[in-house]
Amino acid sequence: MKEVDSNWYRFIQTFRKYLKNLIIFNFVVVSLSVLIALIIPKWYKSTTVILPTTESEGGFNALSALGDLGGLATGFLGGSTVDINRYLAILKSRNLREKVITKYNLIDEYGCDNMEEALEAIDDNLEVEVGDEMQIEISFLDKNQDNVADMTNFIVHCLDSLNISLSTQEAKNNRQFIQSRLNLVIDSLMILQNGLKSFMEKNGILDIENQLITGIENIGQIQIAMLQKQIELNVSKQQLNKNSKVLQKLEAELAEYKKQYDKFFSDSVGQDRLIPPLNKVPELSMEFLWLKKQIEYYIQIIEFLGPQLEQAKIQEAKTIPTLQILDRAVRPEKKHLPIRWLIVLITMVLSSTLSVYYVYWKEYIYGRYFS
């Protein structure tokens, strides 16, 4: 314990030996730090807070009636969710930064030799943060107290302009794609409609269901008439001579009924037929229904793409702001940098630490090895 006290006593005595020099040294260092802190240019910070707007879903209400197709339309053209990353990417883009550099001549202001150096400098001065409520805080540092707020607001203006341009281009691409697809569907629909028309004219089809019902009813009536004539003919054969004109008439009538009956199953088709051949009804029905279903399918696609095309045209023509400014940047009244008291405090701590090491080195290291 006495040895420790002795060491401290010797250290204090040694420190007192150099006290005057240390005071002068620390005074000079702190004075220089104060001078440097006063000389360092002031930097001012201006901040604006924006909130991305959400796209209205009203344009897709009409599509909701299409069920799943309506959901696909909403997903294709964009819903109400806004991707914050898109705004952050624009803020970091070279296009936006070059606009700011050019407008405010930052190459000369920052003392840069070229655009690349100015881009690096503006990166150091631009701060972007996303808040808990998805608001975006954009801050900019500059030496010009009067211009820093205007520069910050100009960054927001460029952000909105570039986002509108990108949205317009995206909507244009969507509109062109939908338009080309819609034209293709319309052409296909016209081909199918012409094909159905030719099919109906070729096979004498007007309304195959009603025609089939009518044909079956007619066949039933003819079969009943044939049965009656056959019975009448059989009875007449038993009562009359073979050469009887009555028998000949009955046979002619029965033959005509059979001829009419056979026509319902003959392969001949044409516009003069009111009822298609019954032996071809399954095949004709399948082909007719297939053509009809295809036409209905393409009509549904047109009903689906039509509102999308109109919505894409609206999106392409929109130039309304894509963000809301919660707080505009204003002229800062206080400097942001440098923090002078912190510079002086750090300098004092460093100079004091160096003073202690100097005494230790002078008395113990230097004295032991070089004296």
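The values are calculated or read from the model by the stated rules, or taken from the named source; none is laboratory data. If you're wondering where the values come from, they're calculated on a predicted model, not measured in any experiment. FYI the Cβ positions are ideal-geometry reconstructions off the backbone, even for glycines, and counts take in every protein chain you see.
Just checking, which of Lys335, Lys313, Lys318, Lys292 is in contact (Cβ under 8 Å) with a residue 24 or more places away in the chain, charged (D, E, K, R) and within 30 Å of Ala37 (Cα to Cα)? Reasoning before the result, please.
Numbers: Lys313 fails: within 30 Å of Ala37 (Cα to Cα); Lys318 fails: within 30 Å of Ala37 (Cα to Cα); Lys292 fails: within 30 Å of Ala37 (Cα to Cα).
Just one listed residue meets the conditions, Lys335.
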Checklist outcome for this item: Lys202 meets each of (1) surrounded by 14 or more Cβ atoms within 10 Å (Cβ to Cβ); (2) modelled with pLDDT of 75 or more with one exception, condition (1)
Checklist entry - Within segment 122-147, how many residues turn out to be of a type in the set (Val, Ile, Thr) and more than 27 Å from the chain's Cα centre (by Cα)? => result 1
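Being assigned by TED's automatic domain parsing to the domain that holds Pro321, under 20 Å from Pro321 (Cα atoms) and not in a loop (DSSP other than H, G, I, E, B) narrows it down to one residue among Leu141, Leu119, Leu159; which is it?
On the way: Leu141 fails: under 20 Å from Pro321 (Cα atoms); Leu119 fails: under 20 Å from Pro321 (Cα atoms).
Among Leu141, Leu119, Leu159, only Leu159 is assigned by TED's automatic domain parsing to the domain that holds Pro321, under 20 Å from Pro321 (Cα atoms) and not in a loop (DSSP other than H, G, I, E, B).
Restricting attention to segment 176-186, does a residue exist that is of a type in the set (Phe, Trp, Tyr), without any contact (Cβ under 8 Å) to a residue 24 or more places away in the chain and within 30 Å of Asp83 (Cβ to Cβ)?
Within segment 176-186, one or more residues are of a type in the set (Phe, Trp, Tyr), without any contact (Cβ under 8 Å) to a residue 24 or more places away in the chain and within 30 Å of Asp83 (Cβ to Cβ).
For residues that are of a type in the set (Val, Ile, Thr) and touching a helix residue (DSSP H, G or I) at 6+ places or on another chain (Cβ under 6 Å), tally how many sit in segment 14-33.
The first filter runs over segment 14-33 and keeps only residues of a type in the set (Val, Ile, Thr), leaving 14, 23-24, 28-30.
From what's left, touching a helix residue (DSSP H, G or I) at 6+ places or on another chain (Cβ under 6 Å): 14, 29-30.
Result for segment 14-33: 3.
Looking at segment 33-46, can you tell me whether even one residue there is within 36 Å of the chain's Cα centre (by Cα), surrounded by 14 or more Cβ atoms within 10 Å (Cβ to Cβ) and at pLDDT 80 or above? Full working, then the answer.
Here is the first cut: in segment 33-46, the ones within 36 Å of the chain's Cα centre (by Cα) are 45-46.
Then drop every residue that is not surrounded by 14 or more Cβ atoms within 10 Å (Cβ to Cβ), which leaves 45-46.
With the extra rule that they be at pLDDT 80 or above, the set shrinks to 45-46.
Yes, segment 33-46 contains a residue that is within 36 Å of the chain's Cα centre (by Cα), surrounded by 14 or more Cβ atoms within 10 Å (Cβ to Cβ) and at pLDDT 80 or above.
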Checklist entry - In this structure, does Asn95 turn out to be part of a helix (DSSP H, G or I), closer than 18 Å to Leu323 by Cα and not acidic (Asp, Glu)? => result no
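Among the residues of segment 229-248, is there at least one that is part of a helix (DSSP H, G or I), at pLDDT below 70 and surrounded by fewer than 12 Cβ atoms within 10 Å (Cβ to Cβ)?
Start the filter on segment 229-248 by keeping residues that are part of a helix (DSSP H, G or I), which leaves 229-239, 245-248.
Within this subset, residues satisfying the condition of being at pLDDT below 70 are none.
Within segment 229-248, none of the residues are part of a helix (DSSP H, G or I), at pLDDT below 70 and surrounded by fewer than 12 Cβ atoms within 10 Å (Cβ to Cβ).
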Next on the checklist: Test of understanding: among Ala89, Ala118, which residue is surrounded by 18 or more Cβ atoms within 10 Å (Cβ to Cβ) and under 21 Å from Val156 (Cα atoms)?
Outcome noted: Ala118
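Collect the residues in segment 322-349 that are outside any strand (DSSP E or B), loosely packed, with under 14 Cβ neighbours inside 10 Å and either hydroxyl-bearing (Ser, Thr, Tyr) or at pLDDT 80 or above (or both), keeping them in residue-number order.
Of segment 322-349, the ones outside any strand (DSSP E or B) are 322, 328-336, 338-349.
Filter once more, so that each one left must be loosely packed, with under 14 Cβ neighbours inside 10 Å: 330-331, 333-334, 339, 341-342, 345-346, 349.
Those that are outside any strand (DSSP E or B), loosely packed, with under 14 Cβ neighbours inside 10 Å and either hydroxyl-bearing (Ser, Thr, Tyr) or at pLDDT 80 or above (or both): Val330, Arg331, Glu333, Lys334, Leu345, Ile346, Val349.
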